[in-house]
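Below is one structure, written out as structure tokens, with a few remarks after it.
Computed from the coordinates by the stated procedures, all read-outs in this text should not be read as laboratory data. Predicted, not measured: the structure shown is a model, and the values here were computed from it. Cβ atoms come from the backbone with ideal geometry, glycine included; neighbour counts cover every protein chain shown.
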Amino acid sequence: MNPEFEMLVDAAPYGAAEALSPLVRRVLARNPSPFTFTGTGTYIVGHGTVAIIDPGPADPEHLDAVAAAVAGETVSHLVITHTHMDHSPGAGPLKARLGGLIAGCAPLVLSDDGPRADAGFDPSYAPDQVMADGEAVSGPGWTLRAVHTPGHTSNHLCFALEEEGALFSGDHVMGWSTTVVAPPDGDMADYMASLAKLMGRADTRYYPTHGAPVDEPQRLVKGMIAHRRQRETQILGLLAEGPQAIPAMVERMYAAVDKRLWPAAGRSVLAHLNDLQARGQVVRDGDAWKATT
């Protein structure tokens with residue numbers, strides 16, 4: 001880790017329930033990494049009867065902290081944005097310990113040859129209720145409505161907290177970095193469409209699973225769309241020079257980025273190329289890609 005990141009990790013409030021709004025508390029898991037930032041943020045919504053969003057990894061220290069944060073309260077729902085290993089594995093153990101229904105995204109288990117162990121799919125995930133776009137779960141004073149946002153994963157959901165005009169954005173919009181879109185399940189066209197979908201909403205705050213709350217979400221989403229369009233332009237510019245393999249493109253496009261992130265960046269480049277191929281602008285040529293014009 002670099003010194004700046006180590007300072008952030010050292011200052012992170014692991015194990016403590018932070019009040020972020022009248023209805024929202026957060027407990028941070030101690031699983032920092034270049035991909036998870038300071039860790040997975042598990043959110044508690046409501047008081048008395050509560051929902052827990054993204055219980056996180058099945059780490060005993062973290063699960064103990066979440067259980068302590070809701071001591072004396074009733075857990076009605078454990079709500080899951082998607083089934084990566086840093087988001088959903090804590091759901092089963094917390095259900096056994098605290099009760100509540102597991103609700104949210106559909107199950108999804110794929111073999112993953114990607115660069116992140118934490119981004120493998122959770123084979124233990126067993127929802128009691130799979131939520132479609134627009135469906136809601138609720139408790140006293142709170143309502144969580146599902147917003148289907150595929151792209152990072154095909155089963156990704158965000159959840160709108162209607163009483164506060166807020167959105168739990170999972171990994172679709174993070175508070176510190178753009179998300180990785182990794183084929184075969186990650187899809188750039190879906191990701192961009194989901195960003196456009198969020199641009200059409202009126203949420204005033206995002207609660208990402210990684211990173212701080214976002215108080216100007218439309219501005220951030222607009223910037224993310226522009227960033228992805230810029231990456232697409234970079235790719236087409238490189239291919240205008242001749243056929244290119246993904247590692248060579250990553251080396252030039254991400255020269256200022258920590259090299260530990262290059263394998264994940266390569267997956268996002270592949271997602272862009274798949275999208276461009278579907279639109280007829282590039283074709284694959286062995287291990288390389290080339291422009292069609």
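Database remark: amide H of Glu135 closer than 5 angstrom to the amide H of Ala146 (H placed geometrically; neighbours at sequence offset of 5 or more, or on other chains; Pro and chain starts carry no H). The C-alpha atoms of the chain define a longest principal axis, and helix 262-278 lies at about 70 degrees to it. In units of the compact-protein estimate 2.2 N^0.38 Å, segment 229-291 shows a Cα radius of gyration of 1.02.
Using the Cα coordinates of segment 48-96, the gyration tensor eigenvalues translate into equivalent-ellipsoid semi-axes of 17, 12, 7 Å, sorted from longest to shortest.
Under 5 Å from the amide H of Val75 lie the amide H atoms of Val50, each residue being 5 or more positions distant or on a separate chain, with H modelled from the backbone and absent for Pro and chain starts. Axis angle, to the nearest 10 degrees, between helix 188-199 and the longest C-alpha principal axis of the chain: 50 degrees. For the chain, the percent of C-alpha pairs falling in each 5 Å distance bin, counted from 0 to the bin holding the largest distance, reads 1, 5, 12, 17, 18, 16, 12, 8, 5, 3, 1, 0, 0. Taking the Cα centre of the chain as origin and assigning +1 to Lys and Arg Cβ atoms and -1 to Asp and Glu Cβ atoms, the resulting dipole is close to 580 debye. For Ala16, the residues whose amide H sits under 5 Å from its own are Leu28, ignoring neighbours fewer than 5 places away on the same chain, with H placed 1.01 Å from N. Applying the criteria of a DSSP loop state and at most 16 other Cβ atoms within 10 Å to the chymotrypsin sites (Phe, Trp or Tyr not before Pro) of segment 119-218 yields Trp176. Using the Cα gyration tensor of segment 165-293, with a ≥ b ≥ c the square roots of its eigenvalues, what is the shape: rounded (a/c below 1.5), prolate (a/b larger than b/c) or oblate (neither)? It comes out prolate by the Cα gyration axes. For segment 119-156 versus segment 228-281, the inter-centroid distance based on Cα atoms is 31 Å.
Dipole of the chain (Lys/Arg Cβ +1, Asp/Glu Cβ -1, origin at the Cα centre): which of Ala212, Ala264, Gly200 lies farthest to the positive side? Among Ala212, Ala264, Gly200, the one farthest towards the positive end of the dipole of the chain is Gly200. Only beta bridges with both residues in segment 146-293 are counted; by DSSP, about 75 percent of them are antiparallel. Rounded to whole Å, give me the distance from the Cα center of segment 47-88 to that of segment 168-189. Answer, in whole Å: 22. In sequence order, segment 227-241 has phi-based couplings of 4, 5, 5, 5, 4, 4, 5, 4, 4, 5, x, 5, 5, 5, 7 Hz under the Karplus curve 6.51 cos²θ - 1.76 cosθ + 1.60, θ = phi - 60°, and Gly or Pro positions carry x.
Secondary structure note: in the chain, about 65% of the DSSP beta bridges are antiparallel. The helix-only estimate of mean residue ellipticity at 222 nm for the chain, built from DSSP H runs of length n ≥ 4 each weighted as -39500 (n - 2.57), is -9500 deg cm²/dmol after division by the residue total.
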